[in-house]
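Some notes on the structure that comes next.
The values are calculated or read from the model by the stated rules, or taken from the named source; none is laboratory data. Note that this is a predicted model, so its numbers are computed, not measured. Methodologically, a virtual Cβ is constructed for each residue, glycine included, from the backbone with ideal geometry; neighbour enumeration extends over all protein chains shown. All accessible areas refer to the heavy atoms of the entire protein, side chains included, with ligands and DNA or RNA removed. Shrake-Rupley method; radii C 1.70, N 1.55, O 1.52, S 1.80 Å.
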Amino acid sequence: MEQCILIYEDDRDLLELCKIILTGPGRTIRTFSRCENIVSDVERFHPDLILMDLWIPEIGGKKAIELVKEDRGNDHIAVILFSANAEIAQISDDIGADGYLKKPFDLMNFKKTVERHLCN
């Protein structure tokens, strides 16, 4: 079964790096540098996992994830928040994210975190 991951990150280099690391057989990766269309993106692509930058432009990662979590039909979607914010663990917990990664993150830890959430 094809897995779909949506990545929201305004740093183009980091966005491309995440895509390269996660690309593989049986997996579709969709990338975005803004998140104001997250609800329609979820409806269109039916992701298994969302990786969200906290400080992404327009509505921000916190609000974007809250919008996704409002719909109980999205409960199966794993959400990982990432940021350099010192309070990322608390913010992640407050919005009901399934996990977080503190920037800068180790690439192997990034991949393991994603794989763990995709397997759950």
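I'm trying to understand the selection: among the residues of region 46-71, which are open to solvent by less than 40 Å² (accessible area, probe 1.4 Å) and either in contact (Cβ under 8 Å) with a residue 40 or more places away in the chain or over 21 Å from Gly96 (Cβ atoms) (or both)? I'd like the intermediate steps shown before the answer.
Keep residues of region 46-71 that are open to solvent by less than 40 Å² (accessible area, probe 1.4 Å), which gives 47, 49-54, 56, 60-61, 64-65, 68.
The answer is Pro47, Leu49, Ile50, Leu51, Met52, Asp53, Ile56, Gly61, Ala64.
Answer yes if at least one residue in region 33-41 is on the phi > 0 side of the Ramachandran plot and small (Gly, Ala, Ser), and no otherwise.
For region 33-41, residues on the phi > 0 side of the Ramachandran plot and small (Gly, Ala, Ser): absent.
With open to solvent by less than 80 Å² (accessible area, probe 1.4 Å) and over 14 Å from the mean Cα position of the chain (by Cα) as the only criterion, which of Ala89, Ala78 stands out?
Ala89
Name the residue that is surrounded by the most Cβ atoms within 10 Å (Cβ to Cβ), counting only residues in region 23-40 that are assigned to a helix (DSSP H, G or I) and more than 12 Å from the chain's Cα centre (by Cα).
So in region 23-40, the residues assigned to a helix (DSSP H, G or I) come out as 38-40.
Checking the rest, the ones that are also more than 12 Å from the chain's Cα centre (by Cα) come to 39-40.
Values: Val39: 15, Ser40: 9.
It comes out as Val39.
Can you name the number of the only condition in (1) farther than 23 Å from Gln3 by Cα; (2) in a helix (DSSP H, G or I) that Pro57 fails?
Answer for Pro57: the failing condition is (2).
Report yes if Phe45 is modelled with pLDDT under 95 and either at positive phi or touching a strand residue (DSSP E or B) at 6+ places or on another chain (Cβ under 8 Å) (or both), otherwise no.
no
State all residues of region 96-120 that are outside any loop (DSSP other than H, G, I, E, B), more than 21 Å from Ser33 (Cα to Cα) and open to solvent by less than 40 Å² (accessible area, probe 1.4 Å); if no residue qualifies, say none.
Of everything in region 96-120, those that are outside any loop (DSSP other than H, G, I, E, B), more than 21 Å from Ser33 (Cα to Cα) and open to solvent by less than 40 Å² (accessible area, probe 1.4 Å) turn out to be Thr113, His117, Leu118.
Return the pairs, sorted by first residue and then second, in which the second residue is open to solvent by 80 Å² or more (accessible area, probe 1.4 Å) and of a type in the set (Ser, Thr, Tyr), the first residue lies in region 87-116 and is touching a residue at least 24 places away in the same chain (Cβ under 8 Å), the beta carbons are less than 9 Å apart, and the residues are 6+ apart or on different chains.
If the second residue must be open to solvent by 80 Å² or more (accessible area, probe 1.4 Å) and of a type in the set (Ser, Thr, Tyr), the pairs left are Ile88/Tyr100; Ile91/Tyr100; Thr113/Tyr100.
Select from region 62-82 the residues that are in a loop (DSSP other than H, G, I, E, B) and of a type outside the set (D, E, K, R) and write down the one among them that is farthest from Arg44 (Cα to Cα).
By that ranking, first place goes to His76.
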